Amino acid sequence: STRSTGGMGAMMNMPMAAGNLFIGTFDAMSALSNPLKATQFGLPFYYEPTRLTGYYKYEAGKDFTEGGIIVPGKKDIFDIYAIFYETDEVTKTLDGTNTFTHPNLISIARISNAKETKEWVRFSLPFVYLPGKSVDKAKLAAGKYNLAIVFASSLEGAKFNGAFGSTLQIDEVRLLYNENK
């Protein structure tokens, strides 16, 4: 659920935090000084991911806010995605500044038809390879690829925008992958 970060968060111009689950790490020491870099997405993965599946329910909070100001008529929505990318000496993980733009990205599975619902809705997201990208089997066996899976109750949560109380529930999440190395 998207929640208030309290007085300290408001003073730092970070009035809310989207509820989220993700594969990766969070560097609490840099969260106030550089929040987008604090979330480091991904851990080594030794297989080619093919699909992310599961079920969700979602209820948007009442008032969407940007920078603490209510935006009339704008509705919050959630995000579900997974990214598969190559690591190297410079790029150990991706973060909130480069999740979808880094040149090391190989494939992305992302929800495109997110909707508010009180009933469980199945999602099945294929990993779509970016143009010209492929997997090097030797690098895969050596652990040179990372995978991150992310669930967020507010799509714009990284910018501290969303609606207080927006709630995403997930269940029966499965990652399908090609076992051929």
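The values are calculated or read from the model by the stated rules, or taken from the named source; none is laboratory data. From a predicted model like this one, the values you see are computed outputs, not experimental measurements. FYI the Cβ positions are ideal-geometry reconstructions off the backbone, even for glycines, and counts take in every protein chain you see. Calculation scope for accessible area: heavy atoms of the full protein, side chains included, ligands and nucleic acids excluded. Shrake-Rupley method; radii C 1.70, N 1.55, O 1.52, S 1.80 Å.
Assorted remarks:
- Residue count for the range 94-119, restricted to those that are hydroxyl-bearing (Ser, Thr, Tyr) and within 16 Å of Gly24 (Cα to Cα): 2
- Scanning the range 141-174 for residues that are buried (at least 19 other Cβ atoms within 10 Å of the Cβ) and part of a strand (DSSP E or B) yields Tyr145, Asn146, Leu147, Ala148, Ile149, Val150, Phe151, Ala152, Gly162, Ala163, Leu168.
- Those residues of the range 118-158 which are among the polar types (S, T, N, Q), under 30 Å from Gly68 (Cα atoms) and touching a Leu at 6+ places or on another chain (Cβ under 7 Å), in sequence order: Ser153
- In the range 36-69, the residue that is farthest from Leu147 (Cα to Cα) out of those that are touching a strand residue (DSSP E or B) at 6+ places or on another chain (Cβ under 7 Å) and of a type in the set (A, V, I, L, M) is Ala60.
- Exactly one residue out of Asp95, Asp27 is without any contact (Cβ under 8 Å) to a residue 60 or more places away in the chain, surrounded by 15 or more Cβ atoms within 10 Å (Cβ to Cβ) and in contact with a helix residue (DSSP H, G or I) (Cβ under 7 Å, 6 or more places away or on another chain): that is Asp95.
- Within the range 52-71, the residues that satisfy the criterion of being open to solvent by less than 90 Å² (accessible area, probe 1.4 Å), touching a residue at least 12 places away in the same chain (Cβ under 8 Å) and more than 21 Å from the chain's Cα centre (by Cα) are Asp63, Gly68.
- Single unsatisfied condition, Lys74 versus (1) in contact (Cβ under 8 Å) with a residue 12 or more places away in the chain; (2) over 14 Å from the mean Cα position of the chain (by Cα); (3) surrounded by 12 or more Cβ atoms within 10 Å (Cβ to Cβ): (1)
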